[in-house]
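For reference, the structure discussed in these notes is given below.
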Amino acid sequence: MSGEDRFVLCMLAPALAILGLLVAYPVGLLVFDSFFKVDTITPHIREWVGLKNYIDALTSKRVAESALRTIQYSVFALFFEFTFGFCAALLFSALPGRSRWHRTVFTLPLMVPPIVAGLLWRFLLVGNIGIFNYGLVYLGIITDPDAIAWLSDEDIVIYSVSFADIWLTTSFVALVSYAGLTNIPKDLLEAARIDGANALKRFWHVTLPLMRPVIAVIVIVRAVDAAKTFDLIWIQTQGGPNHASEVFSMNIYQRMVRFGDLGEASASGTLFLIVMMLLAAAAYWKIWRPAHA
Amino acid sequence: MKNFLSASALALIFVAAPANAETINILVEGGGEMLQKAVAEKFTAETGVEVKFTVVPYQGVFDKFSAEIASGSSAFDVVTIDVVWNAKFAGHVEDLSRLFTDAVRKDLPPALLADAQVGGKMIGMPAWANAEIVFYRKDLFSKPAEQKAFQEKYGYPLAPPKTWQQWRDMAKFFTRDTDGDGKPDFWGTDTIGTFSEEWMAHVLQAGSPGVILDKDGKVIIDNEAHKKALEFYIAPHCTDHSVPANVNEIGWGEAQNLFYQGKTAMMKFWAHAYKMTPADSKVSGKVGVAPMLAGDAGSAAIPGPWYNVVPSTSQHKEAAKKFIAFAIANNALGIEAPLGLAATNSAYRSYSGKPGYEHFTPLLETLSAPATQGRPMNEKYQEIVDEAVLPAVQQALTCKADVGKVLADAKETIEDILD
Amino acid sequence: MRRARRFNINGILVNAAALVLVLSYALPYVYLLMTSIKPAADVQQIPPSFLPAVVSLDNFREVLQSSALPKAFASSLAVAVLTTVLSLAVAVPAAYVATQYRRRITTLFLLFALVTRMVPSVSLGVPLFQLLKSLGLLDTIPGLVLAHTSAAVPLALLLMSAFFEGVPKELEEAARMDGCTRFQAFRKIILPVMIGGIAVTALFTFITSWNEFLYALLLTSEATKTAPIVIAEYNSVYGLAWGAMTAAAVLYSLPVIVVTLALQRQIVGGLTFGAVKG
């Protein structure tokens with residue numbers, strides 16, 4: 001082993017140890033459980049069922065519907081989080097002087113306990129007491145505070161419940177992007193300016209390519225988290241009305257915890273993992289390091 | 001890292017070692033600590049056994065107890081569980097039959113005894129119980145002008161509602177547009193679209209032999225009583241328009257808030273809310289209570305009791321049982337707590353007539369009504385409700401679905417789940 | 001000349017846009033703050049009002065009277081700080097070699113970190129419970145720190161990798177030329193220029209742990225119960241104490257505001273990697 005290899009290994013070892021000890025075993029267990037009929041509270045009693053749990057999950061209409069809703073939810077949330085967050089980062093870096101206070105105030109949503117954030121958004125949106133619609137009336141967007149039933153209209157509820165997510169996590173996108181932007185060597189931008197590139201060109205040809213890894217990580221982390229989110233939605237609607245805001249990970253949670261069906265829930269969890277892996281790998285090769293594609 | 005781990009493990013052993021005096025650990029939800037604190041103090045004073053409460057949020061009781069059972073050993077000697085989990089945990093707790101003496105049995109409403117029994121085993125002892133009763137605005141009901149107007153319109157006197165028809169009439173009567181914008185802003189009552197227990201109470205009032213399942217576990221959610229109850233449940237919203245229209249957003253909290261904010265004239269609600277009415281609320285001092293509504297089978301409700309159980313893995317089973325026996329014998333001690341609930345007839349009766357406890361008489365009457373019974377004791381109860389019952393109620397509340405078909409579909413889903 | 005440019009019309013527009021964006025995100029928080037100073041009967045008024053008609057500190061009084069909260073804050077703070085330190089200590093070196101010494105094993109390693117970020121956390125809860133139980137670490141600060149670290153390391157790894165990706169290899173080579181060992185180059189040359197990225201990563205690691213609910217619920221009891229659990233208890237089956245809950249949430253946000261302000265100071269622009277090349 002060369003000195004370089006030894007150095008790499010030494011630097012990796014602690015992280016490997018932590019993840020190996022605390023995550024590899026549970027992940028292995030998840031995959032293992034997915035081949036059994038087994039109850040969550042009695043994991044020692046199990047019956048091998050092969051791929052039955054996978055077949056059940058893949059043929060269940062409920063699972064398919066909740067998977068579709070997960071896509072609607074994640075794409076909607078990710079789009080707005082990224083748009084607002086990235087714009088915020090660009091604005092912050094364009095601000096004269098340091099934007100420390102702007103950034104701190106922008107991070108306020110993350111400082112509220114998630115359960116309170118969920119309830120807060122429920123109470124902002126729910127009829128009778130929801131001040132959100134009164135705000136829209138004040139701005140002249142709607143005429144009647146009862147005009148939009150955010151949390152009980154089956155057609156829009158899956159989007160309404162993502163407001164809380166967007167509110168909570170835009171600052172993640174903003175701060176990480178901002179840190180990425182500050183890492184871009186100023187002299188590169190200066191050189192481009194001297195070459196006569198305008199602001200848009202500088203952004204497109206200098207800033208954006210250098211931001212690729214940061215953008216990739218943001219997209220991957222946020223997409224994974226949005227797809228994993230269920231507690232925020234659970235607090236707001238419990239997946240209702242009539243399952244209209246039930247997402248895939250909520251379905252997994254319900255089966256695993258509330259219904260105790262560990263085997264089937266593990267199969268769904270494993271499927272979730274596989275799909276997310278494929279998406280993340282795509283994001284890695286396409287955005288992070290397109291040169292290696 | 002390794003040193004760090006073993007050092008803290010060692011530290012733990014040293015801390016745990018000197019705890020020689022017997023201690024029992026109780027896992028409870030916040031309300032459970034409040035209601036059992038007084039009895040625990042008395043128990044420690046009399047027996048020398050320390051009682052330690054571990055308080056967690058509601059869902060935490062289920063999650064933590066499940067994790068403990070799955071791991072094969074338990075740090076808890078008593079767990080206070082919601083009745084909806086009784087069937088689920090029945091196989092992992094001690095049989096407490098010995099504690100159900102004749103005196104204890106006689107002192108408990110029959111529905112609470114029935115819920116304690118799962119598969120021939122007495123799995124837990126009621127700690128306290130609750131049920132939905134009728135709340136109404138005393139000030140409005142006693143106003144001569146209202147009384148006169150009601151009598152003229154409906155041909156019978158205005159008094160706390162007893163029957164389904166009276167409930168609908170009075171809800172319609174009180175629904176008003178007070179600010180003249182053409183839309184009601186004061187309602188007769190509310191309809192809850194995010195929970196299904198209230199509908200289940202109406203099912204019992206309609207004379208169904210059971211809710212969702214009958215005694216033999218057959219699915220009866222499509223019987224006539226379920227249908228009639230669902231039609232009644234949605235009528236104030238779909239036909240009478242005497243409730244706020246966003247029914248599928250209304251849960252217990254919203255219903256209670258509408259009433260406390262003086263926006264509804266009546267509500268069916270869990271009895272504890274009577275004592276919990278905030279002193280600075282708009283309706284403070286104006287709240288009247290009556291037993292739950294009656295249908296063809298008389299008054300009935302779905303009780304909301306909590307049970308003290310002893311996990312099979314407990315290391316202090318005898319002390320735990322001693323505590324549970326002591327708690328039921330001194331059941332009235334919980335009443336002084338803010339929630340003010342108990343389980344035994346005698347505990348409730350010891351407070352009857354005391355000012356501030358007017359809700360005890362209707363509560364006890366409702367709990368002891370012959371048609372009152374618990375939710376079906378089935379391990380898959382939670383799944384049945386989440387997957388079939390609540391969606392059925394929510395579909396019916398769209399006012400567009402055929403009630404018979406909705407229930408027939410629900411039956412099919414439930415049979416699938418039970419298979 | 002530059003100074004003058006800042007006060008042109010673009011500068012005003014940028015300022016205005018930033019202000020609108022920041023304020024609209026702050027608004028729900030301000031509403032929470034306003035709710036916390038309303039008297040109990042008004043916290044869920046119909047129709048709602050933004051500002052309190054009467055200012056009342058009853059909610060704060062109620063929250064501060066409860067003995068559980070200060071202790072829970074102390075536990076939360078200890079766990080979050082230790083988690084942040086441990087996660088960074090583990091993740092920063094790993095992310096560095098994973099991006100600067102790229103080889104098959106490091107790519108695999110990054111992928112593995114990603115997987116751990118994707119597992120539904122409910123399925124990790126019970127195995128972690130058993131693991132900590134066998135180590136005797138249930139309901140201890142080190143136990144919860146380990147659990148939170150397992151959740152925070154993947155995030156920290158990914159974020160730091162993204163930031164390290166922008167570091168030119170020449171930086172290390174120049175340092176090695178001057179006689180540094182690989183580790184010295186990493187510690188003395190690379191880390192200082194990465195301080196902004198490390199600060200952001202630290203912030204989100206801290207917040208991950210500070211806000212974490214499920215592990216804290218399963219892995220702690222009375223001794224080390226964290227603040228999110230205690231705050232969740234205001235939402236009981238017998239009713240939601242929304243006034244008290246908002247007051248607790250406001251208090252809960254104060255330590256994070258301090259941490260954020262401190263860390264934000266580190267995120268500054270103007271690193272000139274180009275200078276190294278020259």
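Quick notes on this structure:
- The range A:143-173 residues near the modelled B:Lys183 label - backbone nitrogen below 14 Å, point 7 Å along Cα→Cβ: A:143-150
- In this structure, the pairs whose alpha-carbon distance is over 30 Å, taken from B:Lys354/C:Lys38; B:Lys88/B:Lys321; A:Lys61/B:Lys183; A:Lys61/A:Lys228; B:Lys172/B:Lys218; C:Lys38/C:Lys225, are B:Lys354/C:Lys38; A:Lys61/B:Lys183; B:Lys172/B:Lys218.
- Ordering A:Arg46, A:Arg6 by accessible surface, largest first, gives A:Arg6, A:Arg46; the 1.4 Å probe counts only protein heavy atoms, with every chain in place.
- Distance between the pseudo-spin-label points of A:Thr59 and A:Val275 (7 Å out from Cα toward the beta carbon): 1.9 nm.
- Using only alpha carbons, the range C:117-275 has a radius of gyration to Kirkwood radius ratio (Rg to Rh) of 1.09.
- Accessible-area composition of chain B, carbon plus sulfur, in percent [1.4 Å probe]: 54
- Annotation: B:Val104 carries an accessible surface of approximately 30 Å², with a 1.4 Å probe and no ligand, DNA or RNA atoms counted.
- Per-residue average of Cβ from other chains inside 10 Å of A:142-154: 3
- Interface area, A with C, accessible, probe 1.4 Å, both sides summed, Å² nearest 100: 9100
- Cα gyration tensor, the range B:263-401 - rounded (a/c under 1.5), prolate or oblate: oblate
- Compared with the dominant principal axis of the Cα atoms in chain B, helix B:164-174 is inclined by about 70°.
- Protection proxy ranking, peptides B:92-100, C:176-184, average beta carbon neighbours within 10 Å, highest first: B:92-100, C:176-184
- Overall Cα dimensions of the range C:1-134, principal axis frame, Å, largest first: 63, 62, 27
- Equivalent ellipsoid semi-axes - Cα gyration tensor, chain B, angstrom: 41, 25, 21
- Using alpha-carbon coordinates, inclination of helix B:224-238 to the longest axis of chain B, degrees: 70
- On Cα atoms only, tilt of C:242-264 relative to the major axis of chain C in degrees: 20
- Two tests apply to each whole DSSP H helix in chain A, Cα reach of 27 Å or more along its axis and mean Kyte-Doolittle hydropathy of at least 1.6, and the ones passing both are A:262-283.
- Panel note: contact residues of the range C:38-69 (accessible area lowered by at least 40 Å² against the chain on its own; 1.4 Å probe) correspond to C:Ala41, C:Gln44, C:Ile46, C:Pro48.
- Calculated FRET value between C:Val54 and A:Asp146, using beta carbons and R₀ = 41 Å, to 0.05: 0.90
- Dipole size of the range A:174-238 about its Cα centre, with +1 on Lys/Arg Cβ and -1 on Asp/Glu Cβ: approximately 120 debye, rounded to the nearest 20.
- Full-extension gain in nm, B:Asp139 to B:Gln151, via 0.36 nm per residue minus C-alpha separation: 2.6 nm
- Solvent-accessible ranking of C:Phe206, C:Phe50, largest area first, probe 1.4 Å: C:Phe50, C:Phe206
- Legend: mean number of C-beta atoms from other chains within 10 angstrom of residue C-beta atoms, peptide C:222-232, equals 4.
- Cα Rg over Rh - the range A:70-174, Kirkwood: 1.02
- Spatial extent of the range A:1-47: Rg and Dmax, with the Cα atoms as the point set, Å: 17.3, 50
- Sequence of C:Leu157, A:Leu200 from largest to smallest accessible area, 1.4 Å probe: A:Leu200, C:Leu157
- Applying D = kT/(6 pi eta Rh) to the range B:139-230, where Rh is the Kirkwood radius over alpha-carbon pairs, T corresponds to 25 °C and eta to 0.890 mPa s, the Stokes-Einstein value obtained is 158 µm²/s.
- Solvent-accessible heavy-atom area per residue, rounded to whole Å², over chain A at 1.4 Å: 40
- Each listed q (0.05, 0.10 Å⁻¹) maps to a log10 I(q)/I(0) for the protein assembly as shown from the Debye sum over equal C-alpha point scatterers, namely -0.32, -1.25.
- Rounded FRET efficiency, nearest 0.05, which uses the C-beta distance separating A:Ser2 from C:Leu13 and R0 of 60 Å: 0.65
- Among the residues of C:155-163, the average count of other protein chain beta-carbon atoms within 10 Å of the residue beta-carbon is 6.
- Computed label-point distance, nm, for sites C:Ala223 and A:Glu47 using a 7 Å Cα→Cβ extension: 4.1
- The relative contact order of chain A, computed from alpha carbon pairs under 8 Å that lie at least 6 residues apart in sequence, is 29 percent.
- Cα shape, the range B:206-316, gyration tensor, a/c 1.5 rule: oblate
- Of the peptides B:343-350, C:146-153, the order by per-residue mean of other Cβ atoms within 10 Å, starting with the highest, comes out as C:146-153, B:343-350.
- Once A binds B, the 1.4 Å probe can no longer reach about 2400 Å² of accessible area, counting both sides.
- Proximal lysines to A:Lys186, defined as alpha-carbon separation beneath 17 angstrom and excluding residues fewer than eight positions away on the same chain: A:Lys201, C:Lys277
- Within the range C:128-252: Cβ-based charge dipole about Cα centre, in debye rounded to nearest 20 (Lys, Arg +1; Asp, Glu -1): 200
- Alpha-carbon Rg with Dmax, taken over the range B:328-419, Å: 19.3, 52
- Relative contact order (%) - criterion: Cα under 8 Å, at least six apart; region: chain C: 27
- Cα gyration tensor of chain A - equivalent ellipsoid semi-axes, whole Å, descending: 37, 32, 16
- Between B:Asp240 and B:Ser284, the FRET efficiency from the beta-carbon distance, with R0 = 25 Å, is close to 0.30.
- Convex hull per residue volume in Å³, alpha carbons only, for chain C: 190
- Point-to-point label distance, B:Glu50-A:Ala13, nm (Cα→Cβ direction, 7 Å offset): 4.2
- Carbon plus sulfur fraction of accessible area for chain A, probe 1.4 Å, in percent: 68
The values are calculated or read from the model by the stated rules, or taken from the named source; none is laboratory data. Note that the coordinates shown come from a computational prediction; the quantities given were computed from them, not determined experimentally. Quick reminder, even Gly has a Cβ in these numbers, built from the backbone with ideal geometry, and neighbours come from all protein chains shown. Side chains included, ligands, DNA and RNA excluded: accessible areas come from the protein's heavy atoms. Shrake-Rupley method; radii C 1.70, N 1.55, O 1.52, S 1.80 Å.
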